[in-house]
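The values are calculated or read from the model by the stated rules, or taken from the named source; none is laboratory data. Predicted model only: the values in this text are computed from it and were never measured. Because the Cβ atoms are built from the backbone with ideal geometry, glycine has one as well, and the counts that use them run over all protein chains shown.
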Amino acid sequence: MTFAGLWRDLEPLGRHPETCGYRRYSWTPADAQCRAWFTKAAEQRGLIVQPDANGNLWAWWGPPRPGAVATGSHLDSVPDGGGYDGALGVVTALAAVDLLKEKNFHPERTVVLVAFTEEEGARFGVPCLGSRLLTGAADPQTARDLTDDAGVTLAEAMTDAGLDPALIGPDPALLGGLGAFVELHVEQGRALAPLGAALGLAEGIWPHGRWRFEFGGRADHAGTARLADRRDPMLPYSGTVLAARRAAAEHGAVATFGKVIVEPNGTNAVPSAVRAWLDARAPDEATVEETVTAIRSAAAGFSEEHGITLSVRRESYTPLVRFDQDLRDRIAGVLAAAGITAPVLPTAAGHDAGALAERLPTAMLFVRNPTGVSHSPAEHADLADCEAGVRALALVLHDLAGPK
Ligand code: GLV
Ligand code: MN
Ligand code: MN
């Protein structure tokens, strides 16, 4: 099994020495290292690597022709993310190719491995940007103008990386050549461990989105400005954080303010502005909407109370995703024939598979996460489970790309 060797080579790339979390942000040097690693590993296996215009990397086992079976995931990370989110699906895909080659398997339908770009939206704010541009779900001009926290646009970052941002956008020819997409991913949550199952299959993805809240006030002196005279945007912001927690609990949703930028960010100054991002998710779209409406209305009330201006903008939204039932049943049958039981689970995490599911039969395999912790350096999957994932993915590719 070549999984451990591939993992060892990828593991140090983009890992912060102090936090041990990953900072693999798209179009940065760490991202370039991960891309170079993928390209080399794929080429060593005789695959032909071709980036698409959106920066996603495709490694072809066989000529691009209709009905290709795609597998893979992403290599970028959230700030101080875990090593498995995304990377596991890419490494597993390469190791599954090795396993199939060891068994002298020759695909009848082309197999293509993919590493999507900017899945987390950690740098430019929109998750699954590479796959959304590919399918046409993201508008190219809006995407080009997205900025990171330093004000660098996506267009500038892509240009610096040697790509032409004028070319980003839907690629119907590439997409139309794919017959199915199967993404293997580390489990995010802890459903498999209590069931004693190493692997699971995805049923669907909760609807979710991101909203940007801007609270505008007036900078002032932390010592001399009287409380009654202040226009402090931190006050409505903090009330809104607590209101989000309450609204989520009341509606059966989850709501998180995980990113906040305070200006000017001085200990002895009342802030002039607070920019914060709400991530909200729920089992159905009406509940997401009701939860966000409650949070917005709380933010408006607190802002008025404290003399603060408020603007709220939705920056991304993913409707409910249901993965293809026939493909899932087929994969479950292949796994069952090999003695593998893979429970079917919903997930509240977003994935490129969700973007592709709108356009072609798509499925996801999950690998058990013993603690369920994710988007954290503590994210983990046991080696034996990762290797079970490789064997399962190889079985699935064998079935989908092999002789009928
Ligand atoms: C991606 O992992 C997300 O669910 O935000
Ligand atoms: Mn993630
Ligand atoms: Mn992921």
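The set of residues in the range 107-144 being touching a Pro at 6+ places or on another chain (Cβ under 6 Å) and among the basic types (Lys, Arg) consists of 144 alone. Residues in the range 232-271 that are more than 30 Å from the chain's Cα centre (by Cα) and surrounded by fewer than 19 Cβ atoms within 10 Å (Cβ to Cβ): 264, 266, 267, 268, 269.
Would it be correct to say that residue 130 is within 19 Å of residue 367 (Cα to Cα), assigned to a helix (DSSP H, G or I) and either without any contact (Cβ under 8 Å) to a residue 40 or more places away in the chain or not hydrophobic (A, V, I, L, M, F, W, C) (or both)?
Details: within 19 Å of residue 367 (Cα to Cα): no; assigned to a helix (DSSP H, G or I): yes; either without any contact (Cβ under 8 Å) to a residue 40 or more places away in the chain or not hydrophobic (A, V, I, L, M, F, W, C) (or both): yes.
For residue 130, the condition - within 19 Å of residue 367 (Cα to Cα), assigned to a helix (DSSP H, G or I) and either without any contact (Cβ under 8 Å) to a residue 40 or more places away in the chain or not hydrophobic (A, V, I, L, M, F, W, C) (or both) - is not met.
Quick one: is residue 316 of a type in the set (S, T, N, Q), under 29 Å from residue 20 (Cβ atoms), within 16 Å of ligand 3 (Cβ to nearest atom) and surrounded by fewer than 18 Cβ atoms within 10 Å (Cβ to Cβ)? Considered against the rule, which asks whether it is of a type in the set (S, T, N, Q), under 29 Å from residue 20 (Cβ atoms), within 16 Å of ligand 3 (Cβ to nearest atom) and surrounded by fewer than 18 Cβ atoms within 10 Å (Cβ to Cβ), residue 316 comes out as no. Kindly indicate whether any position in the range 186-194 is at pLDDT 95 or above and over 30 Å from residue 3 (Cβ atoms). No, that holds for no residue.
Against the criterion of being within 23 Å of residue 318 (Cα to Cα) and either of a type in the set (Val, Ile, Thr) or outside any strand (DSSP E or B) (or both), residue 224 does not qualify.
Beta carbons closer than 6 Å, at least 6 apart along the sequence or on distinct chains, pair a first residue in the range 49-76 that is within 12 Å of residue 94 (Cα to Cα) with a second that is in a strand (DSSP E or B) and acidic (Asp, Glu) for 73/183.
For the range 352-384, the set of residues classified as within 17 Å of residue 202 (Cα to Cα) and of a type in the set (Asp, Glu) consists of 352, 358, listed by residue number. For the range 182-196, the candidate set comprises residues that are part of a loop (DSSP other than H, G, I, E, B) and more than 9 Å from ligand 3 (Cβ to nearest atom); within that set, the residue that is farthest from residue 89 (Cα to Cα) is 196.
Just to be sure before I move on: is residue 143 among the small types (Gly, Ala, Ser), away from ligand 2 (no atom under 16 Å from the Cβ), part of a helix (DSSP H, G or I) and within 24 Å of residue 29 (Cα to Cα) in the structure I sent? Spelling it out, residue 143 is indeed among the small types (Gly, Ala, Ser), away from ligand 2 (no atom under 16 Å from the Cβ), part of a helix (DSSP H, G or I) and within 24 Å of residue 29 (Cα to Cα). Among the conditions (1) within 14 Å of residue 41 (Cα to Cα); (2) within 16 Å of ligand 2 (Cβ to nearest atom), residue 122 misses just one, which is (1). Considering 150, 87, 157, the condition of being away from ligand 2 (no atom under 16 Å from the Cβ) and surrounded by 20 or more Cβ atoms within 10 Å (Cβ to Cβ) is satisfied by 157 alone.
Restricting to the range 197-220, count the residues that are assigned to a strand (DSSP E or B) and either of a type outside the set (Phe, Trp, Tyr) or within 16 Å of ligand 2 (Cβ to nearest atom) (or both). Break it down stepwise before answering.
Step one: of the range 197-220, the residues assigned to a strand (DSSP E or B) are 199-205, 208-216, 220.
If we keep only those that are either of a type outside the set (Phe, Trp, Tyr) or within 16 Å of ligand 2 (Cβ to nearest atom) (or both) too, we end up with 199-205, 208-210, 212, 214, 216, 220.
Here the count works out to 14.
Residue-level check: of (1) in contact with a Lys or Arg (Cβ under 8 Å, 6 or more places away or on another chain); (2) part of a loop (DSSP other than H, G, I, E, B), residue 19 misses just (1). Evaluation of residue 195 against the conditions (1) within 30 Å of residue 370 (Cβ to Cβ); (2) touching a strand residue (DSSP E or B) at 6+ places or on another chain (Cβ under 6 Å) shows that the sole unmet condition is (2). Can you find a residue that is among the hydroxyl-bearing types (Ser, Thr, Tyr) and assigned to a helix (DSSP H, G or I) anywhere in the range 86-107? Yes, the range 86-107 contains at least one residue that is among the hydroxyl-bearing types (Ser, Thr, Tyr) and assigned to a helix (DSSP H, G or I).
Give the number of residues within the range 16-27 that are crowded, with 20+ Cβ neighbours inside 10 Å and within 18 Å of residue 374 (Cα to Cα).
Taking the range 16-27 first, the residues crowded, with 20+ Cβ neighbours inside 10 Å are 21-22, 24-27.
Going one step further and asking which of them are within 18 Å of residue 374 (Cα to Cα), we end up with 21-22, 24-25.
Here the count works out to 4.
Considering only the range 249-294, how many residues are over 28 Å from residue 150 (Cβ atoms) and touching a helix residue (DSSP H, G or I) at 6+ places or on another chain (Cβ under 6 Å)? So the answer is 8.
Looking at the range 343-368, which of the residues that are of a type in the set (A, V, I, L, M, F, W, C) and under 20 Å from residue 386 (Cβ atoms) is nearest to ligand 1 (Cβ to nearest atom)?
So in the range 343-368, the residues of a type in the set (A, V, I, L, M, F, W, C) come out as 344-345, 348-349, 353, 355-357, 360, 363-367.
Of the ones still in play, those that are also under 20 Å from residue 386 (Cβ atoms) are 345, 349, 353, 363-367.
On the way: 345: 14, 349: 4, 353: 11, 363: 18, 364: 12, 365: 16, 366: 13, 367: 15 Å.
For the range 343-368, the residue satisfying everything is 349.
To keep it simple, each residue is scored yes or no on (1) surrounded by fewer than 15 Cβ atoms within 10 Å (Cβ to Cβ); (2) more than 15 Å from ligand 3 (Cβ to nearest atom).
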position	(1), (2)
329	yes, yes
334	no, yes
337	yes, yes
341	yes, yes
347	no, no
360	no, yes
366	no, no
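Between 41, 59, 53, 32, the distinction of being outside any loop (DSSP other than H, G, I, E, B), surrounded by fewer than 23 Cβ atoms within 10 Å (Cβ to Cβ) and small (Gly, Ala, Ser) belongs to 32 only.
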